Amino acid sequence: MEGGDLQKSLSLRLNRRGDRSNQSQLSKDFEEGLFPSGRVPQDYPMKIVWKKGFVRLVLVAGILWMLLILLALLFHIWSCQTSVSFLSAMCNKDSKVYTMLDTMGLVSKPHRCPIPVSNDPDKIVIPTGRTSNEIVKNLSYVMEDEVPHDGSQSSPLFGGHPSWKQREESFKLNSNMKVHCGFIHGGGAEMDPVDIKYVKKCKFVVASGIFDGYDLPHQPSNISLRSEKLFCFLMVVDEVSLKFMRENGTVKEDSAGGQWVGIWRLVLLKHPPYDEPRRNGKVPKILTHRLFPQAQYSIWIDGKMELIVDPLQMLERYLWRGKHTFAIAQHKHHRSIYEEADSNKRRKRYARPLIDLHMKIYYYEGMQPWKSNKKTISDVPEGAVIIREHTNMNDLFSCLWFNEVHLFTPRDQLSFGYVAYRLGDSFKFFMFPNCEYNSLFVLHPHTREHSSPIEWVKQIDQLKNSNLKESRGGLGLFTPYPGDLDSVVLPNVTRTSKAG
């Protein structure tokens, strides 16, 4: 046993010596390869240490740089969430960084945030000149309807019967343009002569509307004396709403025959042009320039809202400061019209198959879902507040926007982004943060819930030979389309919110 152990011990030693010899030879060959002379420079160890140190330095610098970027992003997120005015003012919600963080769901949207308005309305300088009309020099409107001879329509429609060709031509910009824009002779929505005379003096307008008695006028607050004198506060109503106000509020009449509720001058539209009250409400909202043609600037607010910001401060903040002419808030939850359409169907805002048909037409005509690389921060607005200078381009946009509401579904948030897409860079608008939008007003509930039978339609067959179908709106949904819509497959919708 002892002899065997001795033999193993000797073998191990010989193996170790062989390994050392081999390592020594490899080291020698390596050094001779690097240094052909066979001599190792004296500073060789320092070079090795320097190289290792440099690599470590680069790695540490890279890690520190990434940490700094991460800290900057965290500070950006925090500044956008804080309620401290000084820090929240540092948050640039229009930046690509904020949009990226918002898209990734890293930024929760505050419901309200401070509005950086001018402190004193009396010190606001009103521009003396008007924005020039560089593209559309002259804009006129179709006033007579081409009633079809097939007996399907016996009287003119408020929005007319524009053909698919006329609709397509209306998106091609020229210096002289004539388009459909509501108010067809004999189509309804007539104003009283007393009101027509009154609104001729109105160059600065705050407009609102109530139809079918769903609301009562809410008096604005925080209005300066300067704005009270400068602005006309015009509340457009139908006969049902006027009767409801007389029974449930205080309607006063002035010596000229004008009717008032507080600061609001009531403007009566006789003979509502549509069966659907929500579609009627789009007339003063979108076609403000047609009702009040002398208006240079207008601010629209929905009838259920109580304005709490001075209108002159709003014009300075959203138009004049950034040299904009059209401002509207971005939607809190949705950026793609297809996501908004999905929400409308879930919330039963209109017949589901007709919403799908509406979206198929837009998708067929090239309207893609919103992506973060688009020039606009969203395709879907919050349309309850619209701030405009009435330039020819803005008036044209409003006409084309209304035409889409007239032809298809009354959901104007679906058609806004489409019309902006068709006009391209020629139509410029400022889409301001939703949290500022919610700081402009106090929202009041409707006096009663609105529900229309067409909102519950799930299958297109339910509309055939049925009184569920509107008789004076949405005719584009029942007119043969010059394209193969059966082959259109709508894009998949990723529900990014619980809205609806």
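The values are calculated or read from the model by the stated rules, or taken from the named source; none is laboratory data. Everything numeric here is computed off the predicted structure, so don't read it as measured data. In this analysis, Cβ positions are derived from the backbone assuming ideal geometry, glycine residues included, and neighbour counts consider all displayed protein chains. Remember, those area values only see protein heavy atoms, side chains included, never the ligands or the DNA or RNA. Shrake-Rupley method; radii C 1.70, N 1.55, O 1.52, S 1.80 Å.
Taken over region 252-264, the residue count meeting the criterion of being open to solvent by 40 Å² or more (accessible area, probe 1.4 Å), closer than 23 Å to residue 311 by Cβ and among the hydrophobic types (A, V, I, L, M, F, W, C) is 2. Of the residues that make up region 202-224, is at least one part of a helix (DSSP H, G or I), in the same structural domain as residue 269 (by the TED database), within 27 Å of residue 314 (Cβ to Cβ) and open to solvent by less than 40 Å² (accessible area, probe 1.4 Å)? No: region 202-224 contains no residue that is part of a helix (DSSP H, G or I), in the same structural domain as residue 269 (by the TED database), within 27 Å of residue 314 (Cβ to Cβ) and open to solvent by less than 40 Å² (accessible area, probe 1.4 Å). Residue count for region 471-483, restricted to those that are open to solvent by 20 Å² or more (accessible area, probe 1.4 Å) and either touching a residue at least 60 places away in the same chain (Cβ under 8 Å) or under 24 Å from the mean Cα position of the chain (by Cα) (or both): 7. Working only within region 387-398, note down all residues that are within 17 Å of the chain's Cα centre (by Cα) and either not assigned by the TED database to the domain that holds residue 174 or not β-branched (Val, Ile, Thr) (or both). Selection gives 388, 394, 397, 398.
Only one of the listed residues (409, 391) is more than 22 Å from residue 323 (Cα to Cα), among the β-branched types (Val, Ile, Thr) and surrounded by 19 or more Cβ atoms within 10 Å (Cβ to Cβ). That residue is 409. Would region 399-408 turn up any residue that is of a type in the set (Val, Ile, Thr), within 16 Å of the chain's Cα centre (by Cα) and closer than 30 Å to residue 140 by Cβ? No, region 399-408 contains no residue that is of a type in the set (Val, Ile, Thr), within 16 Å of the chain's Cα centre (by Cα) and closer than 30 Å to residue 140 by Cβ. Only strands (runs of 3 or more DSSP E) whose full extent lies in region 254-314 are considered here, and the ones with at least 2 residues that are within 19 Å of residue 191 (Cα to Cα) and assigned by the TED database to the domain that holds residue 231 are 259-261, 264-270, 297-301. Looking only at region 222-248, how many residues end up being among the β-branched types (Val, Ile, Thr) and touching a residue at least 60 places away in the same chain (Cβ under 8 Å)? Looking only at that region, the number is 1. Any residue at all in region 236-251 that is surrounded by fewer than 22 Cβ atoms within 10 Å (Cβ to Cβ) and in a strand (DSSP E or B)? Checked region 236-251: no residue is surrounded by fewer than 22 Cβ atoms within 10 Å (Cβ to Cβ) and in a strand (DSSP E or B). State whether the residues of region 235-242 include one that is in the same structural domain as residue 289 (by the TED database), at positive phi and touching a strand residue (DSSP E or B) at 6+ places or on another chain (Cβ under 9 Å). No: zero hits. Name the single residue that is nearest to the chain's Cα centre (by Cα) among those in region 225-235 being surrounded by fewer than 23 Cβ atoms within 10 Å (Cβ to Cβ) and hydrophobic (A, V, I, L, M, F, W, C). Once the filter is applied, the top-ranked residue is 232. The set of residues in region 448-470 that are in a loop (DSSP other than H, G, I, E, B) and open to solvent by 70 Å² or more (accessible area, probe 1.4 Å) comprises 448, 449, 451, 458, 459, 464, 465, 467, 469.
Table: residues versus (1) surrounded by fewer than 19 Cβ atoms within 10 Å (Cβ to Cβ); (2) at pLDDT 95 or above; (3) outside any helix (DSSP H, G or I).
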| position | (1), (2), (3) |
| --- | --- |
| 354 | no, yes, no |
| 360 | yes, yes, no |
| 371 | yes, no, yes |
| 387 | no, yes, yes |
| 396 | no, yes, no |
| 403 | no, yes, no |
| 415 | no, yes, no |
| 435 | no, no, no |
| 445 | yes, no, yes |
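Residue 165 falls short on exactly one of the conditions (1) surrounded by 12 or more Cβ atoms within 10 Å (Cβ to Cβ); (2) of a type outside the set (Gly, Ala, Ser); (3) outside any loop (DSSP other than H, G, I, E, B), and that condition is (1).
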